Structures are given as structure tokens and as C-alpha cells.
1. Every residue in segment B:163-197 that is closer than 21 Å to B:PRO246 by Cβ and of a type in the set (Asp, Glu), please.
2. Can you name the number of the only condition in (1) under 27 Å from B:LYS262 (Cα atoms); (2) more than 12 Å from chain A (Cβ to nearest Cβ); (3) among the polar types (S, T, N, Q) that B:SER120 fails?
3. From the list A:PHE136, A:PHE61, exactly one residue is surrounded by fewer than 23 Cβ atoms within 10 Å (Cβ to Cβ) and within 14 Å of chain B (Cβ to nearest Cβ). Which is it?
4. For segment B:91-138, which positions are under 30 Å from B:LEU279 (Cβ atoms), small (Gly, Ala, Ser) and either at pLDDT 90 or above or assigned to a loop (DSSP other than H, G, I, E, B) (or both)?
5. Report those helices (runs of 4 or more DSSP H) wholly inside segment B:189-280 carrying at least 2 residues which are in contact with a Leu (Cβ under 8 Å, 6 or more places away or on another chain) and more than 25 Å from B:GLU312 (Cα to Cα).
6. Restricting to segment B:175-196, what's the tally of residues that are free of Cβ contacts under 8 Å to residues at least 12 places away in the same chain and closer than 14 Å to B:PRO132 by Cα?
7. Would you point out which residue out of A:LYS17, A:LYS106 is exposed (fewer than 13 other Cβ atoms within 10 Å of the Cβ) and either of a type in the set (Gly, Ala, Ser) or not in a helix (DSSP H, G or I) (or both)?
8. Go through the residues of segment A:173-192 one by one and say whether even a single one is touching a residue at least 24 places away in the same chain (Cβ under 8 Å), more than 13 Å from chain B (Cβ to nearest Cβ) and under 19 Å from the mean Cα position of the chain (by Cα).
Amino acid sequence: MNQQELQALRELIASHKRWDWLFGLLGVFALMIGVLTFTALFANMAIDGIGRIDADFLTSFPSRRAANAGILSAWVGSLLVMLVTAFAAVPIGVAAGVYLEEYAPKNWLTDIIEINISNLAGVPSIIYGLLALGLFVYTFGLGQSILTAGLTLALLILPVVIVATREAIRAIPQIIREGSYACGATTWQTVRDHIVPYSSAGILTGIIIGMARAIGETAPIITIGALTFIAFLPPAPFAGEPPAGMFDWLFAPFTVMPIQMFNWTSRPEAAFAVNAAAAGFLLVLMTLAMNGLAIWLRYRLRKSIKW
Amino acid sequence: MNKIAAALALAGFAVSTSALATPVVKIDGSSTVYPVTEAVAEEYQKAKKNTVNVTVGISGTGGGFKKFCRGETDISNASRPILKKEIDDCKAAGVEYIEMPIAYDALTVAINPKNDWVKSLSVEQLKTMWEPAAQGKITSWKQINPAWPDRPLKLFGAGADSGTFDYFTEAINGKSKSSRGDFTASEDDNVLVQGVTRDIGGLAFFGYAYYEENRAKLKAVPIVAGEGKPAVAPSMQTVIDGSYQPLARPIFIYVNAKSADKPEVKEFVEFYMKNAEALTKEVKYVSLPAKAYAYNLEHFAKRVKGTKFGGENKVGTTIEQLMKLEAK
């Protein structure tokens, strides 16, 4: 190779490297659009709201006076709704995922179900609210209750849970199943003792990401008729006269964090905007905490799996 | 199949346990009336040491009446009188109601404080801006009055589901819900306030409380009700003496007559009328004279049912006239 050819080659490499570098820069830029926007919004909210957060803010009911208003009924409502959502979405979602991966015959019907589940994940949340208004509130007569809201949000996150379950199950090597079957285990035994335990890290992550989405939802909850002013708490779960009284809390009227925020931002007094920022800050913290929990659980469970 | 059975079982269960131990007064409806009712609910629960629970929702006047006429709520907040269709719905469901005006609100037409050419607007001029025929055509202040500068006219108004929109269009364009469509609509009045503060050619209408809270950033336009009438700016005083026309409007609560027999609802309504004067002032609404609340209480005690407005959105009813109206 003569000197000239070598020179040309070096230039070619250098120009390719420049492109690499440029694309990397573009990537960082694209990433920063999201990250910086979020950081700016979050910082803005924190600056506005953080001074307002104290014990009183967490333990007071809404009030017409911004300084006395708090988010007690809102965060308790959010928590209880999430409880119902988890109880409904987790068993159904995981069971559906396991069925589709381990039991379902590979035919056109299964294909149609699979396609529809992916599509459901993209349906706007207000549609779920309208469905729930007709089905849960009126047809089943569950009323504008914590139960209705929890079930609505459970429907909303079901596709997320199912897809996450399936992804997690697919990551398990085929030899595990084959080994289990070779020892004479039934499908159920294989699922119970191997598939679900080994995929639990991925499943949990999916559940918590779904829940983090659900906690910030406003539209479907407003559609089913959540309230704005509510200065009392639902009965404590499972504390009433058994058996029926234990479930009183499910049928109690409620409000949730995003609705409380929404109401505060639309008030004429500027002081309510500060309340809204404080509530928003706490809501984001709740979501971040849930995501953090997901990461931690995944880490813990991965470590404990021994194949 | 199993799922359906389970759901039905749940539904039956819901009916059997829906009666909670603590009595609840259920209220829903207009966002305009919400601050007043919220204040009353807050004070009432304090006074009763939380032995009675009150819930207040915001579904808009129309949405509130839908629930009310299905018998789902005890009291409905309304920023306009009940309309013909809603009267029929209530009748069909066997829901009777007692109508009570609780305060006045002055719909305020606001402009940017830097707008130095508008000193007042007549109803006729407002109509030129807002009527359906203005859509796409009236785009400059110069078209309203040739003496005004050729600045773009940017309109902001309440969303079509609100009683505020119904009332404004009725008062200005002569027909409820008839309006040009090319304006920035929002159910959130703060968005309207923001719009006018950012745009020198902006004009918006919203409840008086929003103007009162944002006085530094806005200018309220005095309104000329008709030929030869003086320009009147919105204020508590001009609403009370009836001179702020035609944008002063009464706001109401409607009490389900059946619910009124429940002790907690009866007591709440009585508490409402006794404290409304002070509380409406606190949330920046124009309270009715004390005798109006006494009159409401008397009507409530006698259970005078029905509406005094005959299913129409009457424009420009003064407080004096309101009290003279008889239920039909």
C-alpha cells in the first residue's frame, strides 16, 4: 500500500468517526430534550411547592382557604384506589400472561387476542373511563366508589401487566421447561414451581410501572365521577364488622391526588397554585418511589435466582 | 361466564352494603357555584363535628342536573336556572326539587391593562364580536369601532359545557350556546386570565371572582346595556343595585324534595341559608340581601317545589325582580 492510499484510508476513517461523533451528539441532544424538560418542570414545581409541604398539608382536608387546605383525603384516596387496582390487575394480568405463554394453543384465535392486548395498551385512558361509567357504575351498580376507580385503573394497566409478564416468561431458557417436563411435572407444576418464581422480577417491574402510570391518571377517574370536596376519610380497610363491614371502604366516595391538583390550578386565588405545585411534587415523588421500588425488587429477586 | 357471575355477585353485594353508617349529603354540579357550596360544606362539617359527611363534585351545571334528575345527588349546584329539558328529565324520574338562589355573580368582560382604547363596550359591540356571523370576519378592534386601532382581536371564553357560556351567549347574542367558534375556549378560567394578560388585543369573559383576584393584571370593561344607558363597571355595588346589566346573573342550588326530608339534608340547607351571606362575600361573590335568604328558608320550610324561571335562562334578572318571581 503506498502512502497515498494510506492517506485516503485515514481520511475515510476520520470522516466516519466524525459522523459517529455527530450522531452521538444528536443522541445526547435527543435524550436531553426529555430529561431537561422533566428536570425543569420538576424543579419549577419543587421551588413553588416545597415550602408548602409540612405535616399539616398531609393531614388536612381540602378547604376554601388555601393556607388551611391539605391533601389528606386525596392521598388516602389514591392509596386505596391503588390497593384495589393491584388486587385486581395482578392476578388477572399475570394469569393471562402465563396462559398466553404456556398454555394457549398457537392458532389464529390466540393471535387475535395477542394483537388486541397490544392495541389495548394504546387506548386513551378516557375511553376506559367511559367504559367503566357504563359498566361498573350503572350496569353493575358499584357507584362512584373506590372499587369502581380501582377496577377502572386495573383495566387500564392490564395490558401493561400482561405484556410485562409475557416478556419476563420468554426470558426463561427453554431447557428449564424441558427439564421440568422430563421429570414428569405437569404444566401447572412447571408454572408454579419454575416459570412464575423465575420471572417474578420482570413481572413485578411491569406491575409497578403500570401502577405508576395509574396513580397519575385523572381523566378516567373524573369520568366515573370522583368528587372534588370531600372532608372525611373512607372507613379503614378491613376494620369494620365482618364480614360485610370489612368492605365498606370499597364503596366509599373518594378523591385522588391528580383531581385535587386539577381543582387547585383552576382556582382564582394564586395561593392555590402553590398548593397544586406542592401536591404535584408529592405525586411525582410517589411515582418515583414506586419506580425505585421496582428497580430494587428486580435487583433483589435477580440475585436470589439460582439456575 | 364465571366472570359475569362474579360481577353480578359483586353488584348485589354493592347494593346491600351501600348504606354507610355516617349520613352523607351528596352535592354536584356547577364549578361556578362550587366555591360557595364548598365553603358552606366546610363550615357545616366543622359545626357538626364531622357527624355528617358532605361531598361536593364538579360536573358542570348540565352534568350536575343529569345526576340530580336520576336521583343520585341530594343537591345540585347550578349557575343558571334549570332548563326545559332538565325539567322534563326530572319529571320523568319523579324527582321534585326546591329552587334557591344563593348569590349573584357578575360575568366580567376583561381586557389587557395596556389596552388604552376601550373605555366601555355596549352589548351591541359585544354582539358584533361574539355572534356566529363574526366567525373568521371580525378579527380586528378597528372593525368594532373605526376610531380604534387595527389590532388583532383575540377572544377567550368559557367552554361550551358551562353555564357561564350559556348565560353569556344568551345575554349577548340572544340565544343560548349561539356563538362564534373561533375563540380560545377553556373550562379553566385561569387559562382565560393568562390569555388576556399576555395579549394586548385580548378580551375574555369569566366570573367576577377571577377578576377580583387578578385586578393587577386585568382591566374590567364597563358595559353599556343599551341606547342611552350609562357604562357600568362590574362591582358588588352595581350588581346589588341592579345597574350592572345584562351580565349579572343569579346562581342557585336545587334541593331534591325527597332528600329534604332527611334530617342531614334539611339541616344542611338551613345552615346554608343562615351562613350564605357571610360565606359568599368571602369567596368574592355578591351575596343576596338578608331578606332573600329568609325568603328561601320560608320556601324551603313550605317545600315550594318547581322553578320560577319556566325552563328559560332569563337574562338580566335583578335581585329585586328575583324575589318577586313566583313559582310556576
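1. Keep residues of segment B:163-197 that are closer than 21 Å to B:PRO246 by Cβ, which gives B:163-180, B:183, B:189, B:192.
Scanning segment B:163-197 gives B:ASP166, B:GLU170, B:ASP189.
2. Single failed check for B:SER120: (1).
3. On the way: A:PHE136 fails: surrounded by fewer than 23 Cβ atoms within 10 Å (Cβ to Cβ).
Among A:PHE136, A:PHE61, only A:PHE61 is surrounded by fewer than 23 Cβ atoms within 10 Å (Cβ to Cβ) and within 14 Å of chain B (Cβ to nearest Cβ).
4. Here is the first cut: in segment B:91-138, the ones under 30 Å from B:LEU279 (Cβ atoms) are B:95-110.
Subset that is small (Gly, Ala, Ser): B:103, B:106, B:110.
Result: B:ALA103, B:ALA110.
5. B:189-198, B:208-213
6. Just the residues of segment B:175-196 that are free of Cβ contacts under 8 Å to residues at least 12 places away in the same chain, to begin with: B:175, B:188, B:194.
Right, trim to closer than 14 Å to B:PRO132 by Cα and you get B:175.
Qualifying residue count, segment B:175-196: 1.
7. Details: A:LYS17 fails: either of a type in the set (Gly, Ala, Ser) or not in a helix (DSSP H, G or I) (or both).
Going through A:LYS17, A:LYS106 in turn, just one is exposed (fewer than 13 other Cβ atoms within 10 Å of the Cβ) and either of a type in the set (Gly, Ala, Ser) or not in a helix (DSSP H, G or I) (or both): A:LYS106.
8. no
The values are calculated or read from the model by the stated rules, or taken from the named source; none is laboratory data. Remember, it's a predicted structure, so these values are computed and weren't measured experimentally. Cβ sites come from the backbone with ideal geometry, for glycine too, and all protein chains shown count toward neighbours.
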